[in-house]
Amino acid sequence: DMRRGVVIGAEALIRWRHPERGLILPGEFLPITENNDFAITLGEWVINAALRQAETWHQQSLPLQISINIAARHISLPDFATRLTSLLSAYPALPHGSIELEILETAALSDTGHVSQVIESCRELGISFALDDFGTGYSSLLYLKHLPAETLKIDCSFIRDMQEDAENLAIVKGVIGLAQAFNRSVIAEGVESVAHGEILLALGCTHAQGYGIGQPMPPAEFQCWLSHWQ
């Protein structure tokens, strides 16, 4: 939260520690999983790991929300909400408000009816939803009306160049305006500088994430970083 100067959450990011090649970033291996059921296996492993971390932070009285990315193939399962309920049952002390699920805008638009039902079912569990990379898909007002996700995340490609690119700045303004009109929260991704933050605050966007705030790090390092962050 840039206006209050408070860290309110973190996004769960997967990395592959390969025994020979070292740390491999998701752009290199996630596309291989997208068209087969391993995407579901991996997705549920990630959810469980994030829930475990969220419970640890809850026990340490750290009021942080963890955002978890969900693959299109995963959320398309008819029993997604049931499977999520089963994963949550292993952490009975964890407030479900500590968890936010993120889905790509393009994935949500592939089956709006089903995704809307999933979002509603998860909201009954106390789980919130965000539309990730908003602005890169169709961004239809009709779809936005029928998708009950609480948060829109502005794609980093628009944020990164908005100081030099008038069209990107116009898109950022437009998404913030849509979020306000539809009573949704908005988060800017890819905030890398104080200048980015100042522009966003002036436009009415108070929540942001990006390397200008903190870089990806293991949980133990995150807690140390959090204690010294200003």
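The values are calculated or read from the model by the stated rules, or taken from the named source; none is laboratory data. Values in this document were obtained by computation on a predicted structure and should not be read as measured data. Every residue, glycine among them, receives a Cβ derived from its backbone with ideal geometry; neighbour counts consider all protein chains shown. Note: accessible area is taken over every heavy atom of the protein model, side chains too, but ligands, DNA and RNA are not part of it. Shrake-Rupley method; radii C 1.70, N 1.55, O 1.52, S 1.80 Å.
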> Within the range 152-169, can you find the residues that are assigned to a helix (DSSP H, G or I) and open to solvent by less than 60 Å² (accessible area, probe 1.4 Å)?
Replying inline: 156, 157, 158, 159, 168, 169
>> Anything in the range 3-34 that is surrounded by 10 or more Cβ atoms within 10 Å (Cβ to Cβ) and assigned to a loop (DSSP other than H, G, I, E, B)? List them, or say none.
In response: 3, 7, 8, 12, 13, 14, 15, 25, 34
>> I'd like to check something: does the range 216-229 contain any residue that is of a type in the set (Phe, Trp, Tyr), over 20 Å from the mean Cα position of the chain (by Cα), outside any helix (DSSP H, G or I) and modelled with pLDDT under 95?
In response: yes
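Matching residues to (1) more than 23 Å from residue 71 (Cα to Cα); (2) within 18 Å of the chain's Cα centre (by Cα):
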site: 124; (1), (2): no, no
site: 143; (1), (2): no, no
site: 189; (1), (2): no, yes
site: 195; (1), (2): yes, no
site: 202; (1), (2): yes, no
site: 214; (1), (2): yes, yes
>> For the range 44-91, give me each residue that is under 21 Å from residue 7 (Cα atoms), in a helix (DSSP H, G or I), open to solvent by 30 Å² or more (accessible area, probe 1.4 Å) and touching a Ser or Thr at 6+ places or on another chain (Cβ under 7 Å).
In response: 58
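Yes/no per residue for (1) free of Cβ contacts under 8 Å to residues at least 24 places away in the same chain; (2) open to solvent by 70 Å² or more (accessible area, probe 1.4 Å); (3) more than 28 Å from residue 62 (Cβ to Cβ):
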position	(1), (2), (3)
177	yes, no, yes
185	no, no, no
205	no, no, no
211	yes, yes, no
> List pairs: first in the range 114-135 and under 19 Å from residue 12 (Cα atoms), second part of a helix (DSSP H, G or I) and charged (D, E, K, R), Cβ under 9 Å, 6+ apart or cross-chain?
Replying inline: 129/123; 131/105; 132/105; 133/105; 134/105
